[in-house]
Amino acid sequence: MAKYTEADCRLCRREGCKLFLKGDRCISPKCAMEKRPVVPGQHGLGRKKVTDYGQQLREKQKVKRAYGLLEKQFRQSYEKATRMKGVVGENMLSLLERRLDNVVYRMGIGDSRSESRQIVNHGHICVNGHVVNIPSYTVKVGDVISIKESRQDIEKFKQLKGIKIVMPKWLEFDSNKLVGKINALPKRDDIDLNIQEHMIIELYSR
């Protein structure tokens with residue numbers, strides 16, 4: 001399967017905003033967007049007029065990279081959203097937010113979405129008491145997310161116990177029991193990334 005192997009910080013610089021791909025580093029002075037907030041490459045400082053198509057493409061790339069998806073995966077989310085009732089753009093963002101790897105990240109179990117994806121892949125996460133190792137698994141309202149009991153002694157998870165974690169209101173996570181729950185579907189206001197989803201819909205509607 002194709003995989004991006006270059007520096008994550010280049011992606012933030014290319015999209016011109018923080019995508020929070022490196023956990024705590026993204027909120028520190030070491031963040032590449034703080035040190036050098038220009039497009040990577042020798043022409044990064046040059047000015048270039050961007051077409052409507054270019055703006056739409058950059059918006060799609062920004063969201064795709066923020067959630068760590070390949071083009072095929074992202075396109076599948078869009079197509080699924082078009083078959084759902086409601087606003088397509090909001091449906092698409094809701095599906096992305098309800099991916100298991102994103103939920104693990106939002107609950108504070110992983111420091112970044114890439115680390116959360118690895119945690120899921122390694123079988124550390126249970127949904128309703130059963131191990132789920134598929135990062136793209138879509139959670140539902142009422143689902144209980146927990147760290148597998150036999151893995152709770154791993155140092156990474158021991159450090160979570162008792163700490164206060166800030167997360168969206170549609171989620172809850174008990175850091176003492178290492179158990180969380182999906183209380184509701186994510187709404188548009190719950191998504192903190194600066195996303196103009198209508199531009200993505202326009203791009204795919206061409």
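The values are calculated or read from the model by the stated rules, or taken from the named source; none is laboratory data. On a predicted model such as this, the values are computed, not experimentally measured, just so you know. Here the Cβ positions follow ideal geometry from the backbone for every residue, glycine too, while neighbour counts run over all protein chains shown.
General remarks:
- Pair list, Cβ under 9 Å, 6 or more apart: segment 168-192 residue on the phi > 0 side of the Ramachandran plot and touching a residue at least 12 places away in the same chain (Cβ under 8 Å), other residue exposed (fewer than 13 other Cβ atoms within 10 Å of the Cβ) and assigned to a loop (DSSP other than H, G, I, E, B): Leu178/Lys161
- Residues that are under 15 Å from Leu171 (Cβ atoms) and surrounded by fewer than 16 Cβ atoms within 10 Å (Cβ to Cβ), drawn from segment 88-142: Lys140, Val141, Gly142
- Annotation: of all residues in segment 40-79 being touching a helix residue (DSSP H, G or I) at 6+ places or on another chain (Cβ under 6 Å) and in a loop (DSSP other than H, G, I, E, B), the one that is modelled with the highest pLDDT is Tyr67.
- As a summary of the residue check, Arg206 satisfies the conditions (1) under 21 Å from the mean Cα position of the chain (by Cα); (2) under 26 Å from Gly89 (Cβ atoms) except for the one numbered (1).
- Test: Phe157 is assigned to a helix (DSSP H, G or I), in contact with a His (Cβ under 9 Å, 6 or more places away or on another chain) and either surrounded by 13 or more Cβ atoms within 10 Å (Cβ to Cβ) or aliphatic (A, V, I, L, M) (or both): yes
- Scanning segment 83-139 for residues that are β-branched (Val, Ile, Thr) and part of a strand (DSSP E or B) yields Ile125, Val127, Val131, Thr138.
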